[in-house]
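Everything on this sheet refers to the single structure shown next.
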Amino acid sequence: MGQVEESAVLSVPAESVYRAVSDVRRMGEWSPECIGVWSRSRQFGAGSRFIGFNRRRWWFWFTSCRVVRADHAREFAFEVRTFGMPVALWGYRFEDRGRSSLVTEYWRDLRTGRSAPAARLLGLVFTGTPPARRAAVNRDGMRRTLDRLKTALEGSADDE
């Protein structure tokens, strides 16, 4: 099991960052792995479901996701499953600092119990990442995601 967190200070209020992150259809704009999201919903509160489409080099996979936390401008998180097996919890915490905010992206490996060996094997087959490297790969991806989020949101704040 692994757990990773990365944080960044963005020069926009937590409310703005929460709005962007909680619209999971935009995740492909900043995530280095997510290339798109499909959902019938237009708003993503607790219990909302969506499908994430992901790619890393020549590997491609999809995941079933369910929003588990949608605490406005404080925290947004979703659980990821594949073929009905729990895989991970991905989330964001937001700390408002007036005109800026501290944003923390976190990941927790949920591949435990009886389904863990199958979930780990599927992870390797579909993502090309051995379980022992998943935390390091996710840490790098989080840094890239937060950098892209910062660039996108601070750039749009400058345009206003």
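The values are calculated or read from the model by the stated rules, or taken from the named source; none is laboratory data. As the structure is a prediction and not an experimental result, all values here were calculated from the model. Counting neighbours? That spans all protein chains shown, and the Cβs are built from the backbone with ideal geometry, glycine included. Accessible surface areas use protein heavy atoms only, side chains included; no ligands, DNA or RNA. Shrake-Rupley method; radii C 1.70, N 1.55, O 1.52, S 1.80 Å.
Where strands (runs of 3 or more DSSP E) fall wholly inside segment 64-160, the ranges with 3 or more residues that are farther than 20 Å from A8 by Cα are 75-82, 85-97.
A search for C-beta distances below 6 Å between a residue of segment 99-126 that is within 19 Å of V137 (Cα to Cα) and any residue that is at pLDDT 95 or above and open to solvent by 70 Å² or more (accessible area, probe 1.4 Å), counting only pairs 6+ apart in sequence or on different chains, returns T104/E5; T104/R93; Y106/E5. For segment 53-108, the set of residues classified as open to solvent by 60 Å² or more (accessible area, probe 1.4 Å), over 22 Å from S16 (Cβ atoms) and either among the aliphatic types (A, V, I, L, M) or in contact with a strand residue (DSSP E or B) (Cβ under 8 Å, 6 or more places away or on another chain) (or both) consists of F53, R55, F60, F62, R66, R81, R108, listed by residue number. For segment 2-15, a residue qualifies if it is within 18 Å of D96 (Cα to Cα), open to solvent by 40 Å² or more (accessible area, probe 1.4 Å) and of a type outside the set (D, E), and the qualifying residues are S7, V9, S11, P13.
Residue-wise test of (1) touching a residue at least 40 places away in the same chain (Cβ under 8 Å); (2) more than 19 Å from Y106 (Cα to Cα); (3) touching a Cys at 6+ places or on another chain (Cβ under 6 Å); (4) among the β-branched types (V, I, T).
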{"position": "G2", "(1), (2), (3), (4)": "yes, no, no, no"}
{"position": "V9", "(1), (2), (3), (4)": "yes, no, no, yes"}
{"position": "A14", "(1), (2), (3), (4)": "yes, no, no, no"}
{"position": "V17", "(1), (2), (3), (4)": "yes, no, no, yes"}
{"position": "F44", "(1), (2), (3), (4)": "no, no, no, no"}
{"position": "R57", "(1), (2), (3), (4)": "yes, yes, no, no"}
{"position": "V68", "(1), (2), (3), (4)": "no, no, no, yes"}
{"position": "E75", "(1), (2), (3), (4)": "no, no, no, no"}
{"position": "F83", "(1), (2), (3), (4)": "no, yes, no, no"}
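Of the residues screened, T151 is one that is open to solvent by 30 Å² or more (accessible area, probe 1.4 Å) and either farther than 25 Å from Q43 by Cα or of a type in the set (V, I, T) (or both).
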